[in-house]
Structure formats: structure tokens, C-alpha cells
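Worksheet: one structure, shown below.
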Amino acid sequence: KKKVQITALAGDYIGPEIMAAGLKVLEVVGENGRFDYELHEVPFGGAAIDQTGEPLPQETLSACQQSDAVLLAAIGGPKWDHAVKRPEAGLLEIRKKLNLFANIRPTVIEEAMQQYSPLKNGKPVNFVIVRELTSGIYFGTPRQLDENYALDTMRYTKEEVQRITRSAFELARKRKKHVTLVDKANVLATSKFWRRIVAEIALTYPDVAYDACYVDAASMKIISAPQQFDVILTENLFGDILSDEAAEITGSLGTIPSMSLGSSGPALYEPIHGSAPDIAGKGIADPISMIRSVAMMLANSFDRADLVAQITTAINAVISKQIVTPDLGGNASTTEVTDAIITTIKESRNSK
Ligand code: NAD
Ligand code: IPM
Ligand code: MN
């Protein structure tokens, strides 16, 4: 049987620190033939600029295209902020080249995490942001930056809106059957366009409740009434902003994974946060976002709910014991959290 192929892109600043943690957990859950895979670690982002001059070298793209799944930690940082082609451009390019139009960013406040949430009412929160990832203002042309004038273009085609909308409704069917479109349809033409198309598709999902909400009000409700949401469907930039806000109500941005999907080909799994240059090199980055990204990969690309359960149970046990990094108010290191998770996985296996 051919081994599954996984490409790992560690990237920059805390990227390599948390990637090491994620790969260690993957190795442990996979050991003794439980999950056989071949790993390809290739340069991406600033690290690739330093080696080759390009944030997404051809060999890196090929490795990703030939893989069954891609793991990415984080890229970017002050070292390359003035590069001709920045690490961030490589990130947009890989999303586009792999056609990863649907970015799924979960917000779940697990029982074990309640104590870290800044929200006071303690009610369970479980929603997911479905962010359009390969179009909108991130990619629209014309784009111009002059001394006295600058221009960005937000543009969407009908097909782009239709495919991400279907992803959101299909996902809602497996959840609480409720989709909320978040937009700025009181002002923007692109948002009016989304509303028209999404309302049309909603009619073909009579079993799924559908409503819409302006983005300013949505940002307030994510804090005041997050229980109202199940699936938030939104365009690229709004999804970027709202997902960092949503992450923070769980206690820390450093714990949230994501997956990016196309209609075929490998999916990409990555934390939603960046390379955290402010804490890089100190050994205190929260590894949970990356470890959960590994779990998401095992669930979605490889159908290994058994291994996912081991990882999730171990993460919650370690969080409950307050073995956490400073972003969650603790004083454990990246390695201590990772090793505690690994020890818990091994113990639970031995007790079976
Ligand atoms: P950031 O997400 O890197 O950091 C924001 C804050 O959250 C910082 O205080 C950081 O210390 C903290 N944080 C993030 N992840 C953490 C973790 N795992 N553990 C503990 N604390 C964590 O955002 P930024 O500082 O605005 O961006 C830094 C660089 O990352 C920029 O170059 C940006 O473009 C890039 N970026 C990359 C990605 C990606 O690779 N997907 C995503 C977002 C930002
Ligand atoms: C993210 C990041 C990226 C984005 C940046 C680094 C281009 O913030 O993945 O959320 O805006 O999509
Ligand atoms: Mn972001």
C-alpha cells in the first residue's frame, strides 16, 4: 500500500517552533503502523526567500501539488516586510494555485477552555467561519500604489460566490443547520451581489435556516451573543478580520486551527494566526493551534477519527491541568505543553 504523502511548510519566526510540535504529535499517534505517512519538509515564505529569492519556489509548489495534504505553520515578519515579493504573497499564491477557495475556521469553547474565555456567561459556543479565500479584495485588479493615489479592487464572480456558498450550506447540514451571511450589503455592490446569489442557493436548502447580518453588527455579536451562530459565510477580508476576533473569545488566538479546501487536490491545514515575531525564539509559542491543525488533517483528509479523538482528549486534559503557555496565562513552554500532550496520548493507549 502506498504511504500517504504529507508536505510540511514550517515558515518563519514561531513557524518552525510550532511545526516541530505538530509533527512530534503526528509521529506519536502514527507510531507502530497506526498511521503510515511520508513527510516532505520544504521551504516556504521568508525562509524560502532567504534560500531561493522566492516565497513559493517551484519545487515547494510541486511538492504540495503531489501531496495528499499540506501542513503550514506561519510565514512573514519584519525581516521581509520590505522585500520586493513578501512571504504573504507566497501564501496568497499557494492558496490560488491549489484552488483552496474555502477556508474553514472553527470557534469552539470546549469545556476545558471555559476558564480561559474572556466571555462571562459560560454558555457553550460552537460556530465556524467559512471564509472565501481565493478572490475578493485580496486578488482583485486593478491595484495601484502611487505617491498620491492608491487603489484596491474588490471583485467577485457569480461562480466564485456560488461555490463557497454551497460549501457553507453543505457544512451547515452536518451541524446545526443555520447559515448566516456576513456582509456590508447596505453599502457595497459586491455584498449586494452576494446577498442575491446566496438567497437563491438558500432556497435549494430548505432544511437549513438562512439569515444575513452586516459585518459591523456581526463583530459585536461574536462577543455579545456568539451562541446565535452556527456557520458564518463571508468574503475574504471580512473573514480574515472576524476569525481573529472569534479566536480570541476562546481564550487565545494561539489555539485555533483551520483548513483550506478546493474541489479537488490536497487540502491545506494551518493555524489562523501569524508568525508572532514578538515571541519568536523564546520557546513560549502556544503549539495547540498547530497540533489541532494536524488533528483536522487526520479527520478531513485521512478519515482517522480514532487518532483525532486521542489528540483532542489529550489537549483538553492538558489544558484542564493548566499546563498552558503565557497566551493562556500559564508559564509552560511550547515543549512542555507538547510533551504533556504526548505523554497523555501514550498513557491513554497503554490503559486500553
Ligand atoms: P500574529 O497572528 O502573528 O500575532 C498576533 C498576536 O498573537 C501576537 O501578540 C502574537 O504573539 C500572538 N500569537 C499568535 N500566535 C500565537 C501562538 N501560537 N502562541 C502565542 N501567542 C501567539 O499577527 P501579526 O503580529 O500581526 O503578524 C506577524 C506576521 O505574521 C506578519 O508578517 C503577518 O503578515 C504574518 N501572518 C501570517 C499568517 C500565516 O502564515 N497564515 C497569518 C497571519 C499573519
Ligand atoms: C491569515 C493571514 C493572511 C490573510 C495574510 C498573512 C496574507 O492573516 O491567514 O489569516 O490575510 O489571509
Ligand atoms: Mn489573518
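FYI, it's all coordinate maths here, none of it is from the lab. The structure displayed is predicted, hence computed values, not measured ones. Backbone-built Cβ (ideal geometry, glycine too); neighbour counts: all protein chains shown.
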Can you give the helix-only mean residue ellipticity at 222 nm for the chain, where every DSSP H stretch with n ≥ 4 adds -39500 (n - 2.57) and the sum goes over all residues, rounded to the nearest 500 deg cm²/dmol? -13000 deg cm²/dmol
Please build a GNM for the chain, connecting alpha carbons under 10 Å apart, and tell me which residue among 193, 238, 127 fluctuates the most. 193
Checked the stretch 121-249 against the a/c 1.5 cut and the a/b vs b/c comparison, axes a ≥ b ≥ c from its Cα gyration tensor; verdict oblate
Ranked by GNM mean-square fluctuation in the chain (Cα springs under 10 Å), the top entry among 75, 291, 311 is 311
Residue 212 long-range amide H proximity, modeled H, under 5 Å: 181
Amide H neighbours of residue 107 under 5 Å, at least 5 residues apart or on other chains, H built in the peptide plane: list them. 127, 128, 129
Show me the GluC sites (Glu not before Pro) within the stretch 208-296 that DSSP assigns to loop and that have at most 12 other Cβ atoms within 10 Å of their Cβ. none
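Using the count of nearby Cβ atoms within 10 Å as a rough guide to exposure, how do 95, 105 rank from fewest to most?
Listing 95, 105 from fewest to most nearby Cβ atoms yields 95, 105.
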Calculate one ³J(HN,Hα) per residue across the stretch 315-330 by plugging θ = phi - 60° into the Karplus curve 6.51 cos²θ - 1.76 cosθ + 1.60, and present them in order as whole Hz with x for glycine and proline. 4, 5, 5, 5, 5, 4, 7, 6, 8, 9, 7, x, 4, 9, x, x
For the stretch 252-352, shape from the Cα gyration tensor axes a ≥ b ≥ c, cut at a/c of 1.5 then a/b versus b/c, turns out oblate
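What is the packing order of peptides 40-48, 27-35, 169-177, taking the mean over residues of other C-beta atoms within 10 Å and listing the highest first?
The packing order, highest mean first, is 40-48, 169-177, 27-35.
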Relative contact order of the stretch 121-249 (C-alpha contacts under 8 Å, at least 6 apart) in percent is 38
Mind checking which of 139, 313, 89 is farthest towards the positive end of the chain's charge dipole, using Cβ charges of +1 (Lys, Arg) and -1 (Asp, Glu) about the Cα centre? 313
Descending semi-axes in Å of the chain, equivalent ellipsoid built from Cα gyration tensor: 31, 25, 20
